[in-house]
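These notes are about the structure you will find just below.
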Amino acid sequence: MGTIAVERPVPRGVSEARRRRVVGSVTLVLVLLVAMVVSLAVGARALTPAEVWRGLSAAPDPDQRLTEIRLIVRTVRVPRTVLALVAGVALGVGGALIQGYTRNPIADTGLLGVNSGASFAVVLVIALFGFADPFQYVWFAFLGAAVAGVVVFGLASIGRGAGNPLTLALAGQGVTVFLAAMTTAVALSDKASLNALRFWNAGSVAGVGFDVIRPVIAFIAVGLVLALITLPALNLLNLGDDVARGLGVNIVLSRTVGIAAITLLAGAATAACGPIAFLGLMVAHMARYLTGPDYRWLVPYAGLLGAIVLLVCDIVGRLLVRPGELDAGVVVALLGAPFFAALVWRGKFKSA
Amino acid sequence: MTGTEVKASVTPGVRLGPVSFVWRPWVVCVTLLLAAATFLVFCVSIGVGDFPIGLSRVIATVVGGGEQVDRFVIMDLRMPRALAGLVVGVALGVSGAITQSIARNPLASPDILGITGGAGAVAVFLVTVSGGTAAAVEGSVGLSGAALAGGLGTGLLVYFLAWRRGIDGFRLILIGISVSAVMEAITTWLLVTADIRDVARAQAWLVGSLDNRSWNDVGVALWCTAALMVVVTVVAFQFKPLHLGDDVAAGLGVRYTRVRAVLLLCAVLLAGVAVSAAGPVPFVALVAPQVAMRLAKCPTPPMAASGMVGALLLIGADLVARTALPITLPVGVVTAVIGGPFLIHLLVRANLR
């Protein structure tokens, strides 16, 4: 492997590096806030920051125009922005964790079969029970995502190939194609699920209300807490299993907690937004570039970057094909795949 | 390992003018047996349907005799579908054998290298954007041709993106995965924006199907495949030494970069032809060479046998899809259901070894 190098303690530069990381995270938070404001303002009906503020504020106003603004901001833009924020954090943190736990620089929650598991579960319950409301099938999407993720992860960690980046990608691909075919089989025999599937499948943060977002936030919050707990152990695990064991890490426990966190994060985000591939992979690399390999910094950075990138992609999608919209998942893929290809091309990954 | 090498070096060679090859009776035997089995399943598949025809009558008709009624049902109605299955299966099998040999990875196949994804994106674009039904009336030759171009374009894109002082199998696969993802994103977007009736049609095409083939569709695929097979056969003799490594191959007088580029181009075209005729039928290109390799006991995928296994697999899967299931499904669903677990089986076995 050796692609994820372990930072050696450098006595003199430590405080300098720490200062840089703090400044960096403050900057990212500011960028995120700006992106959120822009996300509230941009769309089919563009609003000024002042209008956004008045739309958000609770001050009573009899003006008819304000009611309209309030409606747009509160029922459309705010849920959308919150979901992009939450899902972006979840996918970013999930991507960074999965790269850490698999010691695999091309690991991505989307490549894990999580997306296809969720799609399959969605069409299945729509075809079987006729669910039409996202609130009803979000749970099943979550379940499908979790099962597929665990299966792929398990398959890829059997035996010798566990350290090989290709193994995970291919296990994901195998499960994905299999599930995609089953999904198509169901969708072709049931028009309602075909229609639901094609919208859900693009990966979008739009059109979902707070009734869906609330349970998703709960899952993601649990996932984030688990992720934070496991970060110090993750640093040690990247020194190699033997060293980590020698330093007192319970390897099995720490891996289990880590996988649970990844599944919660990726599964919940996928359930709410549909499949968004490459986001986790992309921001994990950006975060590593910015912070270095310390996971206590890398993971929060990846979360912030994930939220920023998803928000920006959603905004770009709204601006690109006006008056229509390009789904955030499509924009992320169009951005992320070349990013990934560039990483491959620059020889960042070697076959183990 | 050394044992087999020594044994290989004493295997009798055959030399016919400029062509020389190793005479392996077992490989030839397996290939012939597979060809016979393919012919049998081909005939069974033709016989099955609303108007069942006995196997002996099918064979009699296929080889040129037969009664008037049988001739009409078989040659005009069922032959195009069966022949499409045969041609697509052979094309996918050989294409997979080539890509797996070049990437030196059993898991490299046109599906993973983005070729089928590119062809799919172009086809969905035609179905959904340029006035849906109008495109269909234009005849599927247009659609097939466009899909072929899409597959070829994507294949070349992957090849050039993966080129960096030569082609590395690992890089080829990873670039392929990422290009596939872009094509899928485009396809998804097209499906979202399209009319629901077009979506159903595109979706059925996207999963790979042999329904409603006409002699027209088959003709194009048949001639393209036949022409490509001639090229592959000629170049394949130069290809064998590549398994010994580039340096050895160069020492044996093989211009390996050129041989590899020509063969890869053939593989891409074969996959493109297959996709244009039947849609992106998944996993046949992956599974067939691996099965052929095991049957023929070869260290690398044997081309002819891979083609035969591919045809057997596709016609067999189509037969299952038409007869054994409660609802009629496209053949691609069946091959994916077989192929997904097979890929995982390969992966797990490779890891446990």
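Quick rundown of the values:
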{"item": "Estimated inter-spin distance, A:V42 and A:L143, nm [label 7 Å along Cα→Cβ]", "result": "3.8 nm"}
{"item": "Charge dipole (the stretch A:68-140, unit charges on Cβ, about Cα centre) - positive-most of A:Q99, A:F140, A:T75", "result": "A:T75"}
{"item": "Estimated inter-spin distance, A:L253 and A:R214, nm [label 7 Å along Cα→Cβ]", "result": "3.5 nm"}
{"item": "Computed magnitude of the charge dipole of the protein assembly as shown (debye, nearest 20; Cβ of K, R +1, Cβ of D, E -1)", "result": "1860 debye"}
{"item": "Mean Kyte hydropathy of 0.0 or more with a Cα span along the axis of at least 30 Å, helices from DSSP in chain A", "result": "A:14-41, A:78-102, A:134-156, A:165-189, A:210-237, A:251-273, A:295-320"}
{"item": "Tensor-based shape of the stretch A:270-309 (alpha-carbon gyration tensor, a/c under 1.5 rounded, otherwise prolate or oblate)", "result": "prolate"}
{"item": "Net dipole in debye of chain A [+1 Lys, Arg Cβ; -1 Asp, Glu Cβ; about Cα centre; nearest 20]", "result": "820 debye"}
{"item": "Förster radius 45 Å - calculated FRET efficiency between B:L32 and B:L77 (Cβ-Cβ, nearest 0.05)", "result": "0.90"}
{"item": "Mean residue ellipticity (222 nm) of chain A, computed from DSSP H runs ≥ 4 via -39,500 (n - 2.57), nearest 500", "result": "-25000 deg cm²/dmol"}
{"item": "Cα Rg over Rh - chain A, Kirkwood", "result": "0.99"}
{"item": "Percentage relative contact order, chain A, counting C-alpha pairs under 8 Å, at least six apart", "result": "29 percent"}
{"item": "Calculated over the stretch A:229-352: convex hull of Cα atoms, volume per residue (Å³)", "result": "121 Å³"}
{"item": "Overall dimensions of the stretch A:66-185 as given by Cα atoms, namely Rg and Dmax in Å", "result": "17.5, 63"}
{"item": "Distance from the stretch A:324-347 to the stretch A:186-203 (C-alpha centre basis), Å", "result": "24 Å"}
{"item": "Residues of the stretch B:288-316 with amide N under 18 Å of a point placed 7 Å along Cα→Cβ from A:I158", "result": "B:291"}
{"item": "Net length gained if the chain between A:R296 and A:V26 were fully extended (0.36 nm per residue, minus Cα distance)", "result": "95.6 nm"}
{"item": "Computed E for A:L239/A:A50 - FRET, C-beta separation, R0 41 angstrom, nearest 0.05", "result": "0.20"}
{"item": "Over 15 Å [Cα-Cα, the stretch A:175-227], rounded percent", "result": "65 percent"}
{"item": "Per-selection metrics, the protein assembly as shown (Cα): Rg and Dmax in Å", "result": "27.1, 97"}
{"item": "Overall form of the stretch B:58-104 per C-alpha gyration tensor (a/c, 1.5; a/b vs b/c)", "result": "prolate"}
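All of the numbers you see were taken from the coordinates with simple rules; none came from a lab. From a predicted model like this one, the values you see are computed outputs, not experimental measurements. Ideal geometry is used to build each Cβ from the backbone, glycine not excepted, and the neighbour counts take in all protein chains shown.
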